[in-house]
1. State yes or no: is ALA20 of a type in the set (Gly, Ala, Ser), assigned to a helix (DSSP H, G or I), in contact with a helix residue (DSSP H, G or I) (Cβ under 6 Å, 6 or more places away or on another chain) and closer than 26 Å to SER146 by Cβ?
2. Given the options ILE99, ILE151, name the one that is farther than 27 Å from ALA32 by Cβ, at pLDDT 80 or above and not in a loop (DSSP other than H, G, I, E, B).
3. Only one of (1) without any contact (Cβ under 8 Å) to a residue 60 or more places away in the chain; (2) under 23 Å from SER262 (Cβ atoms); (3) exposed (fewer than 15 other Cβ atoms within 10 Å of the Cβ) is not met by LEU196, so which one is it?
4. I'm trying to understand the selection: among the residues of the stretch 173-189, which are more than 22 Å from LEU88 (Cβ to Cβ) and exposed (fewer than 15 other Cβ atoms within 10 Å of the Cβ)?
5. Go through (1) of a type in the set (S, T, N, Q); (2) in contact with a Gly (Cβ under 9 Å, 6 or more places away or on another chain); (3) over 25 Å from THR69 (Cα atoms) and name the single condition SER8 misses.
6. So PRO207 passes all but one of these: (1) outside any helix (DSSP H, G or I); (2) in contact (Cβ under 8 Å) with a residue 60 or more places away in the chain. Which condition number does it fail?
7. Could you give me the residue pairs with C-beta distances under 8 Å whose first residue belongs to the stretch 114-133 and is touching a residue at least 24 places away in the same chain (Cβ under 8 Å) and within 14 Å of THR24 (Cα to Cα), whose second residue is in a helix (DSSP H, G or I) and of a type in the set (Phe, Trp, Tyr) wherever it lies, and which are 6+ apart or on separate chains?
Amino acid sequence: MAHVDLHSVTQPVGIMRIMATILTCMCFSLVAAVGHVLSPTSSYWAWCMFTWCFCFAFSFLILILEFTTVNTKLPFGWDDFTAAFAILASLMCLTTSIIYPTFFAKNGGPRQVGASVVSWVCFGVYVGEVVLTRLRPRGETIGFLSTLPGIMKMLETLLACLIFTSLEEAQFVSHEIKWCVSVYALCFIFNVVIILLTLGRLASSFPFPFDKLVIGYNILATVMYMTAMVMWPLYSFRLDKCEPGCDRDKLIVVTFMTIMNSIVYILDTANSIRLVIVSRKM
């Protein structure tokens, strides 16, 4: 039977989560009050609203579950989940705090400026939560999503989401571009599956070593992203390939994010191989 745990909302981490819940609510309320007109940057506006709503919903849910102690009955690693969420929310708020002022607050009114400022404060609060959740006693087990490989998996997924927000139908004019989009989609799906399997502690149920499977996937994903890193700018910036309605600023964003994600995949693969070699020597 669940009971109330007042300590969960009075400890420093709980106070940080309450602040994050209030601040994210302020952000999407201010932006929703202003509204938005359909434009080539509408997908970025939608991403900002999604980020604030997503962070608000999960922060509030975590508060409720810990306050009622229902979190102790969930079938996955709660500490790993909350630490991973804090890291993901930090990254999402960072991107939103850059995107919204850049596209919507330059010539905006006080509400747009206020939302931009509050979003940066929100980012700081989530960073504080990350610091507090990672301050564990020496020797205490840390879940996969709180480790460097887990953080890289979340970063790869986030960068893929930013790529998706910059894609437009007018860009899909060649088989090479369609291949790049397939790479983004497939790697995103497999990353989400890996994150869910590790969060649900289902990796050990595989009939073969899960870490070797992840290494194989990382190598394949790295090769695929490297092909996209070459093919996307080569074919997307051709004048005869960019039809009316094709936003070149978004092409630049996709190019930059593809390069960034390629680097993250390379580092993730190298780190995974290093961990396997170290574990064999021990």
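1. Judged against the criteria, ALA20 is a match.
2. Numbers: ILE99 fails: farther than 27 Å from ALA32 by Cβ.
One residue alone meets the criteria, ILE151.
3. For LEU196, the exception is condition (2).
4. SER174, HIS175, LYS178, SER182
5. Evaluating SER8 over (1) of a type in the set (S, T, N, Q); (2) in contact with a Gly (Cβ under 9 Å, 6 or more places away or on another chain); (3) over 25 Å from THR69 (Cα atoms) leaves (3) as the failure.
6. Tallying (1) outside any helix (DSSP H, G or I); (2) in contact (Cβ under 8 Å) with a residue 60 or more places away in the chain, PRO207 fails exactly one: (2).
7. If the second residue must be in a helix (DSSP H, G or I) and of a type in the set (Phe, Trp, Tyr), the pairs left are ALA115/TYR100; SER119/TRP52; SER119/TYR100; CYS122/TRP52.
For every residue, the table says whether it meets (1) exposed (fewer than 13 other Cβ atoms within 10 Å of the Cβ); (2) among the small types (Gly, Ala, Ser); (3) not assigned by TED's automatic domain parsing to the domain that holds LEU251.
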residue: LEU6; (1), (2), (3): yes, no, yes
residue: MET26; (1), (2), (3): no, no, yes
residue: VAL34; (1), (2), (3): no, no, yes
residue: SER39; (1), (2), (3): yes, yes, yes
residue: PHE58; (1), (2), (3): no, no, yes
residue: LEU65; (1), (2), (3): no, no, yes
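The values are calculated or read from the model by the stated rules, or taken from the named source; none is laboratory data. A quick note: this is a predicted structure, and the numbers were derived from the prediction, not measured. Neighbour counts run over all protein chains shown; Cβ positions are idealised from the backbone, glycine included.
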